[in-house]
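S.K.: Quick one: this structure, given as structure tokens, is what I'll be asking you about.
The values are calculated or read from the model by the stated rules, or taken from the named source; none is laboratory data. Since the model is a prediction, treat every value here as computed from it, not as a measurement. Note that we place each Cβ from the backbone using ideal geometry, even for glycine, and neighbour counts take in every protein chain shown. Side chains included, ligands, DNA and RNA excluded: accessible areas come from the protein's heavy atoms. Shrake-Rupley method; radii C 1.70, N 1.55, O 1.52, S 1.80 Å.
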Amino acid sequence: MSVQFVAESKLPMPWGVFRMVGFEDTATGKEHVALVYGEIADGQPVLARLHSECLTGDALFSLRCDCGFQLQEALRRITEEGAGVLLYLRQEGRGIGLLNKIRAYHLQDEGADTVEANERLGFAADMRDYSLCLPMLRYLGVEQVRLMTNNPRKVKALEAAGVQVVERVPLQVGKNRHNEQYLETKMDKLGHMMTDSHFPKT
Ligand SMILES: Nc1nc2c(ncn2[C@@H]2O[C@H](COP(=O)(O)OP(=O)(O)OP(=O)(O)O)[C@@H](O)[C@H]2O)c(=O)[nH]1
Ligand SMILES: [Zn+2]
């Protein structure tokens, strides 16, 4: 496997002090991070999130998507639970990269939906590969997870990679007037499991 541990440190965050574990995918040069809270190597199923990088949502407060809200909510729930792990995966733009995501956003500004925009640029709707999660979770001693996601492809891909998903935990937050259409498309075309009643009242 080409994903290797490189270094770790403490990372104090608003919700608590996490352990930040850094990995390198030596095949691609990509740098990935696991944020660990509490005891996760005790053989119990671990509350987990596979979070795909979204610079615009995670760091720049974008309301075009729900990523930043999901990131914060997942970290909050992990501390509330007392233990868990978030893998911050550097597969920006569902794997097409930041600049292509901006190209895709431009097409969406002109009327395409999120899937059509990717396809017009010559990409599949979702180019992510979750096989790198296995060596990261193995290194951390995690064998079974309770996965926070609305995306059924993530559950299937993780199981195919060799990680047992004992439960899918819905993670619906951050709906607003700028991302309503985007969330609709995720449900209709990408199979995300979301129900209106699960979104917090705004
Ligand atoms: N290509 C592209 N990528 C996007 C777009 N909006 C968000 N992303 C990227 O999509 C990824 C997040 O995926 P989502 O589809 O929001 O959610 P998910 O990870 O599949 O599912 P959840 O676990 O339920 O959050 C991040 O890498 C974002 O950068 C878009 O319009 N086009
Ligand atoms: Zn996003």
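S.K.: Filter the stretch 73-122 down to residues that are closer than 18 Å to Pro14 by Cβ, touching a helix residue (DSSP H, G or I) at 6+ places or on another chain (Cβ under 9 Å) and not aliphatic (A, V, I, L, M), then give me how many there are.
M.R.: Adding up the residues that qualify gives 2.
S.K.: All but one of (1) farther than 24 Å from Arg49 by Cα; (2) open to solvent by 80 Å² or more (accessible area, probe 1.4 Å); (3) away from ligand 2 (no atom under 16 Å from the Cβ) hold for Tyr139; which doesn't?
M.R.: Status for Tyr139: all satisfied but (1).
S.K.: Of all residues in the stretch 142-173, count the ones that are part of a loop (DSSP other than H, G, I, E, B) and either loosely packed, with under 15 Cβ neighbours inside 10 Å or of a type outside the set (Ser, Thr, Tyr) (or both).
M.R.: As a first pass, look at the stretch 142-173 and keep what is part of a loop (DSSP other than H, G, I, E, B): 142-143, 149-151, 162-163, 170-173.
Imposing the further condition that a residue be either loosely packed, with under 15 Cβ neighbours inside 10 Å or of a type outside the set (Ser, Thr, Tyr) (or both) reduces the set to 142-143, 150-151, 162-163, 170-173.
Total satisfying the criteria: 10.
S.K.: Among the residues of the stretch 100-126, how many are among the hydrophobic types (A, V, I, L, M, F, W, C), more than 21 Å from His178 (Cβ to Cβ) and more than 8 Å from ligand 1 (Cβ to nearest atom)? Reasoning before the result, please.
M.R.: Keep residues of the stretch 100-126 that are among the hydrophobic types (A, V, I, L, M, F, W, C), which gives 102, 104, 107, 112, 115, 117, 121, 123-125.
Right, trim to more than 21 Å from His178 (Cβ to Cβ) and you get 121, 123-124.
From what's left, more than 8 Å from ligand 1 (Cβ to nearest atom): 121, 124.
Residues meeting the conditions: 2.
S.K.: Give the residues of the stretch 21-56 that are without any contact (Cβ under 8 Å) to a residue 60 or more places away in the chain, more than 15 Å from ligand 1 (Cβ to nearest atom), touching a Phe, Trp or Tyr at 6+ places or on another chain (Cβ under 9 Å) and open to solvent by less than 60 Å² (accessible area, probe 1.4 Å), sorted by residue number.
M.R.: Gly22, Leu35, Tyr37
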